[in-house]
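Worksheet for the structure shown next.
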Amino acid sequence: MATRRRDDGRRADELRPVKLTPGFVGTADGSCLIELGGTRVICTACFAPGVPAWRAGGGAGWVTAEYGMLPASTSTRKGRPTARPDGRGVEIQRLIGRTMRHGVRFDRLGENTFFLDCDVLEADGGTRTASITGAQVALAIAARRCAEQGRCGRGVCGEQVAAVSVGMLDGRAVLDLAYREDARADVDLNVAMAAGGRIIELQGTAEGAAFDREQLDEMLSLAAKGIRRLRRLQTRAIREGCEQ
C-alpha cells in the first residue's frame with residue numbers, strides 16, 4: 001500500500017472520520033444521522049401496514065427507499081424537485097432500495113412496508129454509500145422496535161449491509177473519496193457488501209482512464225476493509241438505538 005498521503009492527510013486505505021448517531025429523529029420508528037467527513041445524511045425508517053398492490057396476497061412485506069438533497073446541501077443551492085426526483089435522485093434511491101432489500105426477511109415482516117428516507121444535509125462525496133450505511137442502522141432499529149410492539153415478526157433484518165466508495169486517483173487505489181477527489185478521479189466505484197465481503201452491488205465507471213482487473217481487485221480489497229469498519233460502527237449504533 002502506498003504511504004503517500006492524500007490532500008486531507010489520509011492514507012489511501014483510510015476512511016474519513018465517521019460518526020453514526022442513532023435516534024436522531026424521535027418521531028421515526030428508527031433513525032440515524034451518518035456523518036462521513038463533510039457528508040451528513042439523515043436516514044429514517046417508518047413502518048406502514050400494507051404492501052404495493054402487486055405484492056399483496058403473498059404474505060411477504062416490502063422495503064422501499066427515497067433519497068433527496070436539501071437545497072443548501074451543496075456549495076450552490078440545489079433546487080427542490082417539483083413533481084418527482086431528478087434522474088440522479090431516482091437512480092440513487094433505487095440503488096438504496098435494492099441494496100437494503102437484500103438483508104430483509106420479508107416473510108417475517110408480513111404484508112407491511114418499511115419506508116426508508118435518506119435526506120442529505122451536506123454533500124462532500126459518497127452520499128449514496130453513506131445513505132445505505134445509515135439506512136441499515138435506521139431499519140434495524142425500526143424492525144426491532146416494531147417486533148417488540150407486535151407489528152411484525154422478529155428477525156426481519158437478517159443480514160447487515162454497508163457501502164463505501166473507492167476509486168483510482170493519481171494512479172493508485174484510494175478508499176472513500178471526498179468530493180474534490182471524486183471530481184478528478186480516473187475511476188469512481190461504489191461498492192455495497194454483505195457479511196464476509198460478499199458483493200451486493202457495484203456501480204463504477206472509468207471517468208478518466210480505463211482500469212484493469214488488478215486495479216479492480218485492489219479497489220474491492222480497499223472497499224472490503226472500509227466496510228468491515230463501517231459494519232462495526234453500525235453494530236454499535238444499532239445496539240445504542242435499541243437501548244434508547
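The values are calculated or read from the model by the stated rules, or taken from the named source; none is laboratory data. Every value quoted in this text rests on a predicted model; they were computed, and no experiment measured them. Using ideal geometry, Cβ is built from the backbone for each residue, glycine included, and neighbour counts are taken over all protein chains shown.
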Inset, instruction - Considering every residue within segment 132-153, establish whether at least one is among the small types (G, A, S), crowded, with 23+ Cβ neighbours inside 10 Å and either over 14 Å from the mean Cα position of the chain (by Cα) or assigned to a loop (DSSP other than H, G, I, E, B) (or both). - result: yes
Legend entry - Subset tally (residues that are out of contact with any helix residue (DSSP H, G or I) (no Cβ under 9 Å at 6 or more places or on another chain) and in a strand (DSSP E or B)) for segment 1-48: 1
Inset, instruction - Can you run down the residue pairs with Cβ atoms below 8 Å, 6 or more apart or on separate chains, where the first is in segment 171-186 and over 15 Å from F211 (Cα atoms) and touching a residue at least 24 places away in the same chain (Cβ under 8 Å) and the partner is crowded, with 16+ Cβ neighbours inside 10 Å and hydroxyl-bearing (S, T, Y)? - result: L175/S165; D176/S165; L177/S165; D182/S165
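Have a look at R229, R198, R236 and point out the one that is among the basic types (K, R), within 15 Å of the chain's Cα centre (by Cα) and surrounded by fewer than 17 Cβ atoms within 10 Å (Cβ to Cβ). Full working, then the answer.
Details: R198 fails: within 15 Å of the chain's Cα centre (by Cα); R236 fails: within 15 Å of the chain's Cα centre (by Cα).
Answer to the check: R229.
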Inset, instruction - Under 8 Å between Cβ atoms, at least 6 apart or on separate chains: pull out the pairs that start in segment 136-148 with a residue that is in contact (Cβ under 8 Å) with a residue 24 or more places away in the chain and end on any residue that is hydroxyl-bearing (S, T, Y) and crowded, with 19+ Cβ neighbours inside 10 Å. - result: A138/S31; A138/T44; I141/S31
Legend entry - Pairs with Cβ under 6 Å, 6+ apart, first in segment 52-71 and over 30 Å from E122 (Cβ atoms) and surrounded by 15 or more Cβ atoms within 10 Å (Cβ to Cβ), second modelled with pLDDT of 95 or more and of a type in the set (G, A, S): G61/G110
Inset, instruction - Within segment 201-215, track down each residue that is in contact (Cβ under 8 Å) with a residue 24 or more places away in the chain and either among the hydrophobic types (A, V, I, L, M, F, W, C) or out of contact with any helix residue (DSSP H, G or I) (no Cβ under 9 Å at 6 or more places or on another chain) (or both). - result: A209, F211, Q215
Legend entry - Filtered residues of segment 128-181 (kept if farther than 22 Å from R98 by Cβ and of a type in the set (D, E, K, R)): R144, R145, E148, R151, R154, D170, R172, R180, E181
Legend entry - Selection status of E214, surrounded by fewer than 19 Cβ atoms within 10 Å (Cβ to Cβ) and either assigned to a helix (DSSP H, G or I) or hydrophobic (A, V, I, L, M, F, W, C) (or both): yes
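So for segment 109-123 (the condition being touching a residue at least 12 places away in the same chain (Cβ under 8 Å), part of a helix (DSSP H, G or I) and out of contact with any Pro (no Cβ under 7 Å at 6 or more places or on another chain)), does at least one residue qualify? Lay out the reasoning, then the answer.
Taking segment 109-123 and keeping what is touching a residue at least 12 places away in the same chain (Cβ under 8 Å), we get 109-123.
In the following step, the residues that additionally are part of a helix (DSSP H, G or I) were identified as 109.
This time we only want the ones that are out of contact with any Pro (no Cβ under 7 Å at 6 or more places or on another chain), so: 109.
Yes, segment 109-123 contains at least one residue that is touching a residue at least 12 places away in the same chain (Cβ under 8 Å), part of a helix (DSSP H, G or I) and out of contact with any Pro (no Cβ under 7 Å at 6 or more places or on another chain).
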